[in-house]
Amino acid sequence: MFCEDSFSYRERMIYEKINIGCGLDKQDDEFGIDINPRSNADMIFDLNVIPWDIEDSKFESVRCDAILEHLHHFYGVMEEIWRISKNGTKTYINVPHFSDFAMYTDPTHVKFFSSNSFSTLTGDSKWSYYTDARYEIVSLKIRLKSLFKLIRLEFIINASKKSKKFRSISKFWESYLPFIVTGKIIEVILEVKN
């Protein structure tokens, strides 16, 4: 559902960067979209309504900071981001880790994320058939609560994700210990592959 006349925001769509779910955190060189009319968005729009009224292959940079956990259709949203992005576009994503207490305190959160949530977008997962959108995972980091960062567990978990030999360490943590050694944020950089 559009909350404003689509012609009025098209005049402002001059940027090569888009901030999806920008809230109040929109940079001057970004085109912002948000459902909240009190935000700094250039376009007031419900991102759950697909397709988005944005032209194909428009943007060279996409920022999704604390928005994907609020949206109902993960694959639909990732397909729209893929569609409106040029080939090679970097998509910067921050989402709460499923073990973070804050994930459960915000009643608007509808989607939970683990370190493997984005692997289905690469084409290399047995679950990749859910979408035709393809991305390369350029970087994926799990940020832990401060205590676990201090004792270097964050470093060990992230280093183990980069090595096939030690990947079982991060898998063990996320499978058996996430509510003891709690995660906070997952930071992902995806590159669009058209």
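A few points about this structure:
- Test: SER115 is at pLDDT 95 or above and buried (at least 20 other Cβ atoms within 10 Å of the Cβ): no
- Look at the range 24-48: where a residue is closer than 19 Å to MET78 by Cα and touching a residue at least 40 places away in the same chain (Cβ under 8 Å) and a partner is part of a loop (DSSP other than H, G, I, E, B) and among the aromatic types (Phe, Trp, Tyr), sitting 6+ places away or on another chain with Cβ atoms under 9 Å, you get PHE45/TRP52.
- Members of the range 107-166 found to be within 23 Å of TYR92 (Cβ to Cβ), without any contact (Cβ under 8 Å) to a residue 12 or more places away in the chain and of a type in the set (Lys, Arg), listed by number: LYS149, LYS162
- Filter pass, ASN194 being in contact (Cβ under 8 Å) with a residue 60 or more places away in the chain, loosely packed, with under 14 Cβ neighbours inside 10 Å and either outside any helix (DSSP H, G or I) or under 16 Å from the mean Cα position of the chain (by Cα) (or both): yes
- Single unsatisfied condition, VAL49 versus (1) within 18 Å of the chain's Cα centre (by Cα); (2) within 20 Å of LYS86 (Cβ to Cβ): (2)
- All of (1) assigned to a helix (DSSP H, G or I); (2) surrounded by 12 or more Cβ atoms within 10 Å (Cβ to Cβ) hold for TYR129 with one exception: (2).
- Residue in the range 87-97 that is surrounded by 13 or more Cβ atoms within 10 Å (Cβ to Cβ) and in a helix (DSSP H, G or I) present: no
- PHE101 vs. criteria under 21 Å from LEU140 (Cα atoms) and surrounded by fewer than 18 Cβ atoms within 10 Å (Cβ to Cβ): yes
- Selection within the range 68-86: residues that are out of contact with any strand residue (DSSP E or B) (no Cβ under 6 Å at 6 or more places or on another chain) and not in a helix (DSSP H, G or I). The member of this set that is nearest to ILE142 (Cα to Cα) is LEU71.
- Residue within the range 144-160 that is among the hydroxyl-bearing types (Ser, Thr, Tyr), assigned to a helix (DSSP H, G or I) and loosely packed, with under 15 Cβ neighbours inside 10 Å present: yes
The values are calculated or read from the model by the stated rules, or taken from the named source; none is laboratory data. The structure presented is a predicted model; accordingly, all values stated were derived computationally and were not measured. When we count neighbours, we look across all protein chains shown, and the Cβ atoms used for this are built from the backbone with ideal geometry, even at glycine.
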